[in-house]
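The structure under discussion appears below in the form of C-alpha cells.
The values are calculated or read from the model by the stated rules, or taken from the named source; none is laboratory data. Values in this document were obtained by computation on a predicted structure and should not be read as measured data. Note that each Cβ is placed from the backbone with ideal geometry, even for glycine, and that neighbours are counted across all protein chains shown.
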Amino acid sequence: MVFRKAVFILLLSYTLNRPAAATHWTYDDVQKWAEDSPECAGRRQSPVDILAPKSFKAPSFLFKNYGLMNVSLENTGHSLKARLHLQQEEQRPRLAGGGLSGTFLLDSFHFHWGSEDSKGSEHLLGSCAFPAEMHLVHFRRKYGSVEEALEYDNGLAVLGVWLVPGRDSDSSTRGVLEDDGTSFSAHTTHGLDQTSPQQDASNSDTSLKEDLENDGPSFSTDTTHSLDQTSPQHDAKNLVATEDDHSAAAKKWFRALTPSEKMLDNQLIAVDLRQLIPFDDRAFYRYNGSLTTPPCTANVEWTIFENPVTVPLRFLKGLRALANKEGELLSNNFRPSQSLGKREVLYSGTKPKKFPLCTRPKKSHASPCTSIPSLGSFGTVAPGKCPEGQDTSPADLHLANATPTYAKRLRWKRRGGCANAVVTLEDRLLKVAFPGEEAQWELSGGLLTTPYHLNHMLFRWGSDHHLGGLSFPLEVQLVHYSSDSDDVVVVSKFFQEPIDLPDVLDSLQHTEPSRNRLLEVVFEAAQELSKDPGIEEEDIPSPDVSELMGDASSFYEYSGTFPDAPCLGNVTWMVLRTAGEIARTQLEELRELTDESGDKITSNNRPLKQLGNRNLSLRVNKKELVHEYNVMLQRPKRKSTDSGALQQAAVSMQLLCLLVLVSFFVARLGLVV
C-alpha cells in the first residue's frame, strides 16, 4: 500500500511539473526542446521550406466576425502575442472553407521576426526568408479551446502571413478610413463573393456543406453572400475595394499594433482582423504540420498565404526592441525549417511566384542594428546661456585669415555590419543617425591621431558656414565621436547646383541636373516624416558616406562648438572646400518640409559668429601646395612694402615709351625733308 502511494505521488509530481518544465525553453538550442517535449523530435514538424508545391483547387475561405476587434498585446518572453477581447463568445472570429477540414475559431495571433531583414520568418519560400511572420491560431469549433484541441488530430488551423517592411505613410486611405473605425470592414468578406473567378460554385457548396455539417450550423450553407448579411460589421457600402486601399489599411492597423512598454498588457487596441492578412486570400500554400514551439503538437492544418503583407518600418523596429525579463532581445525567435519527409505542400492559386519577395540568408552574421552610441559629455553650460567670450560656430572662413599646413586626406572606411540608418525630422533639423553595436563608419586622416566614428549627419539649408563671404544652398554636417575621449569632430560638406553654361552652349547641357542619388533616399524618408507628424522616424539603407563626401583633400579647420547645442563643446570643425552637386528639385523638396507646427522649413541655418582670436588652418594633402599657398598669401605684403619702387619703374617705362615715339616721329620728319 505504501509503495503504491509513493508511485502515485511520483506520477502526480511528474504530471504537475512537466508543463512547467516545458515552458523553460529558448531559441538558443532548439535541439534541446525534445528533452521536455518529445514530439519536437517527431515527424510532421513545422516550419518547412516550400520548394516544389503541388497545385490543388480549393474553394474560397469563409470569414465570419473577421472585422473590427479589440485586442491587447502581451510580451510572452518568446514572442509578441495579441489576445482577443470579446463581449460575447458568439463574436469570436470563425474560419472555414479554403479546403480546411472544418470550422475553426480564432484564439489569438503572434509574431516571429529576425534582427535584420534577411531572416525572421519561420516558413521559407525557395530557401529564402522574410523579415517576419504572423500566425493566427485557430482551434476546431467543437473542441472549445486550444488546450482541448491539442488532444485531437487536426484540432488546430493556423494562418501564416509573411511580413515585409514598407513606408509608414497611409495617405492613400485618407477620406476612406476614419479614426473611429466605422468605415473599415468590410473587406472581411473578400473571397465570399460568388462572382470571384477562382470560386467553383458546385464544388464550393458541396465541400462547405460537408465541412459545416461536422461542426454544427456556424455558417449559412445557402450562399456565401449570406455571411455578409449576418455580420454586423460588414456593410457592403463600406468595402475597401482595391488592393491599394487594403494595403494602406493594413499599415494603419500594424502601426496601431507597434509594441511599446506603455501598450503591453494594459491597453485595448482596435484592429480589423481581415485587413491584417493579404487582399488576395486565394493564393496560399497548405500542408499538415505542427506547432513551431514546444510542445510541438503535430495536429495543425497550415495555411501560408503566398503574398506578403507590407507593414510600417516602425512596427518591425518595435518588434526588434522587445526583450525578455533577463533583458535579452527576442529577435530571431524563429524555429529552423524541419524536414518535409513524405508530406506534400499544396498550392492554391494561379501560378506560384518564381521570384519571391524574400531574401536569402547572408553567409556571414552581421552585427544587429541596436541603439545609437552616446557622444559622451560636452560640458555643463545650458544652451542659450553661453558665457561671454565662448567660442561658437558657425563662421565665415576666409583664405586670407588661414594658415596653410600639410595634413593627410580625410577618409571614411566602412566597418560595422549594420547597413541601416535612422532618419528623423525634429526641431527643424533633418538628421540621419547610424545605429549599431559596432560603428558603421570610421574617420581617419587630417591630423587625427586616433580614429573617430560617425554618429549622425545634420542637414542645413542654406549653409551654416560661409566661404569668403559666400553661402551655399545646403550644408551636410557629419558628427563623429572618439571611443578614447569626449572629443568630437564635425566634417562639413557643401552642396550646390551645377553652374549653368553660357546661353550659346545651352544645347550641350541638361535643363535639370541629375538628382543626387545618395541623398535621394534621405529626402524621400524626410518627406514621409513631414507628411505624417505621427511618424517619429524612418529606417533607410545606410548611405555610402565615403562617396557622398567626395574630394576631402583640402579643408579648413578651426575650434568651435557642437552643431546641435550652440554652447556645448570643444569641437573640431573640418569644412571641406570642394562642394558636391544637388538638383534644384531636391533643394525645393527640402524647402517644402514642414515642422511640428506644419510650417515650411524654408531654411534652418544659424547666424554667423566671429572667429576672433581662434586659429584658422587650411589643411592640404600636398606639401608643394602648402608652399604655393604661403607664397600667394605673402604677395599682398610685398606689394605694400615695394609700392614706391613699382611706381618709379612705371614712370621710367612711360618715359622710355615716350622717347621711342619721339625718336620715331623725328626720323619720319627727316625722311620727308
Exercise. Restricting the first residue to segment 237-260 and requiring it to be under 25 Å from Glu537 (Cβ atoms) and in a helix (DSSP H, G or I), which pairs with a second residue that is modelled with pLDDT under 90 and of a type outside the set (A, V, I, L, M, F, W, C) meet a Cβ separation below 6 Å and a spacing of at least six or different chains?
Worked result: Asp244/Ser172; Ala248/Asp170; Ala248/Ser172; Ala248/Thr173; Ala249/Thr173; Lys251/Asp170; Lys252/Asp170
Seminar exercise, completed: Per the list (1) at positive phi; (2) touching a residue at least 60 places away in the same chain (Cβ under 8 Å); (3) surrounded by fewer than 22 Cβ atoms within 10 Å (Cβ to Cβ), residue check on Cys296 breaks on (3)
Seminar exercise, completed: Residue hits (segment 435-453; surrounded by fewer than 16 Cβ atoms within 10 Å (Cβ to Cβ) and in a loop (DSSP other than H, G, I, E, B)) are Glu437, Glu438, Leu447, Thr449, Thr450
For this session: Select from segment 100-151 the residues that are farther than 18 Å from Thr303 by Cα and without any contact (Cβ under 8 Å) to a residue 40 or more places away in the chain and write down the one among them that is surrounded by the most Cβ atoms within 10 Å (Cβ to Cβ).
Result: Tyr143
For this session: Would you mind finding the one in Glu520, Glu512, Glu475 that is under 20 Å from Leu587 (Cβ atoms), at pLDDT 85 or above and surrounded by fewer than 18 Cβ atoms within 10 Å (Cβ to Cβ)?
Result: Glu520
Exercise. Mind checking which residues of segment 54-83 are hydrophobic (A, V, I, L, M, F, W, C) and surrounded by 18 or more Cβ atoms within 10 Å (Cβ to Cβ)?
Worked result: Ala58, Phe61, Leu62, Phe63, Leu68, Met69, Val71, Leu73, Leu80, Ala82
Exercise. Residues in segment 588-611 that are touching a strand residue (DSSP E or B) at 6+ places or on another chain (Cβ under 9 Å) and either at positive phi or among the hydroxyl-bearing types (Ser, Thr, Tyr) (or both): how many?
Worked result: 2
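Determine if segment 538-553 includes at least one residue that is more than 24 Å from Gln440 (Cβ to Cβ), of a type in the set (D, E, K, R) and in contact (Cβ under 8 Å) with a residue 40 or more places away in the chain.
no
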For this session: Output the qualifying pairs, or none if there are none: Cβ atoms under 6 angstrom, residues six or more apart or on different chains, first residue in segment 299-315 and within 15 Å of Ala248 (Cα to Cα), second residue among the aliphatic types (A, V, I, L, M) and part of a strand (DSSP E or B).
Result: Pro308/Val164; Val309/Val161; Val309/Leu163; Thr310/Val164; Val311/Leu163
For this session: Identify, by number, the condition in (1) modelled with pLDDT under 95; (2) buried (at least 17 other Cβ atoms within 10 Å of the Cβ) that Leu470 doesn't meet.
Result: (2)
For this session: Filter the strands (runs of 3 or more DSSP E) completely within segment 45-141 down to those with at least 3 residues that are aliphatic (A, V, I, L, M).
Result: 68-75, 80-85, 132-140
